[in-house]
Amino acid sequence: MRFHIQQESDIPASTQLYNQICFAIAARHFPPGHRLPSTRQLAMQTGLHRNTISKVYRQLENDGVVEAMAGSGIYVRDQQSQRDLRPAPGPRQKAVTDIDREVRQCVDGLLRAGCTLQQARELLTREIDWRLRCGARVLVSTPREDIGASLLIAEDLEPSLDVPVEVVPLEELESVLESSSNGTVVTSRYFLQPVEELARRHGVRAVAVDLNDFRHELDLLKELRAGSCVGLVSISPGVLRAAEVILHSMRGNELLLMTATPEVGSRLLALLRASSHVLCDRPSLPLVEQSLRANRSQLMRLPQVHCAQSYLGASTIDLLRKEIGLPSPVAAS
């Protein structure tokens, strides 16, 4: 294969040669183990100075495309063989090999789509840079009137993400993004549209997370006898409104329903007095238990308290990790 350098091109000659050699290797014109032309041969073929060609070969070697053998020449590296690079801590060697294959397939796909190797590098670098920006931090945002929903989302995300998680009311989100546009904005699907509009203006990603299906809690409600009084306690007024609609669709008027946010002590106490079963979220549980202890003498009977262990589904957290460029928990174990 012969290489041609367009002297009138705006692309530097060294870049032209680098891309052509990489393409020849990727297209298997130069298979693994193939000896590349000497700097003298390439200088005669392309008209480039031997120092320029040596610089291109050094870059190819640094990028792991070729390897130099002292006294012998420059050879195409066998990408299937074990690399000199040490695997990152965590994934097994088999996983590293699979990742290498996926990278090669990705590059091959870009080449088949008509990209040059330089374009493929730029596309991959841009995507990686984008994900690094997105993974710098997570901003959880809902309107101030339902900031409890943000707190529930953040509580589930913090143990699962290796990046800072910050709660920001929707009304303050624009000013926060103006000061720094690094990060991913997470919200409930109920508020996705206004959050997306703000995120788009500041060039950041907006992601909606899906709620837990609350199957255990719904099964419990289905089994309660007609006439039972159920109390729902949550730091999110939006959750309470949605739960009322769902419960009414399931049981109609068969159950008496009371709702309360934990900081309204009088309403919470009335709920605890009347309810046979209380369902709450994790942030509300300590206040529910504290109110039960403080008012034990006023209660004819203690309600059964059921605490929902999570607000978000496990799959939506895993998808978010992928969105912001974090490895899945399985791969990292």
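The values are calculated or read from the model by the stated rules, or taken from the named source; none is laboratory data. Computed from a prediction, not measured in an experiment: that's the story for all the values here. We place every Cβ from the backbone using ideal geometry, glycine too, and count neighbours over all the protein chains shown. Areas reflect the complete protein model, heavy atoms only, side chains present, ligands, DNA and RNA absent. Shrake-Rupley method; radii C 1.70, N 1.55, O 1.52, S 1.80 Å.
In this simple spin-label approximation, Arg35 and Ala294 carry label points 7 Å from Cα along the Cα→Cβ vector, and these lie 8.6 nm apart.
Sequence-ordered 3J(HN,Hα) estimates for the stretch 99-106 from the Karplus curve with 6.51, -1.76 and 1.60 and θ = phi - 60° stand at 5, 4, 5, 5, 4, 4, 5, 4 Hz, glycine and proline given as x. Legend: translational diffusion of the chain by Stokes-Einstein, Rh = Kirkwood radius over C-alpha pairs, 10 °C, 1.306 mPa s; D = 64 µm²/s.
Where is the GNM fluctuation largest for the chain (alpha-carbon springs, 10 angstrom cutoff): Arg282, Arg77, Arg40? Between Arg282, Arg77, Arg40, it is Arg40 that shows the largest mean-square fluctuation. FRET efficiency for Glu178 and Arg144, Cβ-Cβ distance as r, R0 = 30 Å, nearest 0.05? That pair, Glu178 with Arg144, gives E of 0.95. Around Ala274, with a cut-off of 12 angstrom between Cβ atoms, what is the net charge of the other residues, counting Lys and Arg +1 and Asp and Glu -1? Counting the neighbours of Ala274, the net charge comes to +3. The trypsin sites (Lys or Arg not before Pro) of the stretch 267-302 meeting both criteria, a DSSP state outside H, G, I, E and B (loop) and at most 12 other C-beta atoms within 10 angstrom of the site's C-beta, are Arg301.
Within the accessible surface of the chain, defined with a 1.4 Å probe on protein heavy atoms only, the carbon and sulfur portion equals 52 percent.
For Val278, nonlocal amide neighbours, meaning residues 5 or more places apart or on other chains whose placed amide H falls under 5 Å from its own, are Gly231, Gln304, Val305, His306.
You can think of it this way: the chain between Gln45 and Glu61 has 3.6 nm of extra reach, that is 0.36 nm per residue less the Cα-Cα gap. Computed from label points 7 Å out along Cα-Cβ, the spacing between Arg200 and Arg241 is 2.4 nm.
What is the dipole size for the chain, taken about its Cα centre, with +1 at each Lys and Arg Cβ and -1 at each Asp and Glu Cβ, in debye to the nearest 20?
1000 debye
Along the charge dipole of the chain, which of Leu123, Ala208, Val56 sits closest to the positive end, that is, farthest toward it, with unit charges on the beta carbon of Lys, Arg, Asp and Glu (+1, +1, -1, -1)? Farthest towards the positive end: Val56.
For Arg205, the amide hydrogen comes within under 5 Å of the amide hydrogens of Val185, counting only partners 5 or more places away or on other chains and with H modelled in the peptide plane. With all protein chains kept in place, the per residue accessible area of the chain amounts to 57 square angstrom at a probe of 1.4 angstrom.
The C-alpha radius of gyration of the stretch 129-281, expressed as a fraction of 2.2 N^0.38 Å, stands at 1.22. Comparing Pro31, Pro164, Pro237 in a Gaussian network model of the chain (Cα springs below 10 Å), the most mobile by mean-square fluctuation is Pro31. Gain on full extension, evaluated as 0.36 nm per residue between Gln6 and Glu223 minus their Cα-Cα distance, stands at 70.3 nm.
Could you order peptides 244-254, 116-126 by the average number of other Cβ atoms within 10 Å of their residues, highest first?
My ranking of the peptides, most packed first, is 116-126, 244-254.
Across Ile11, Ile99, Ile317, mean-square fluctuation computed from a Gaussian network of the chain (C-alpha pairs under 10 Å connected) peaks at Ile11.
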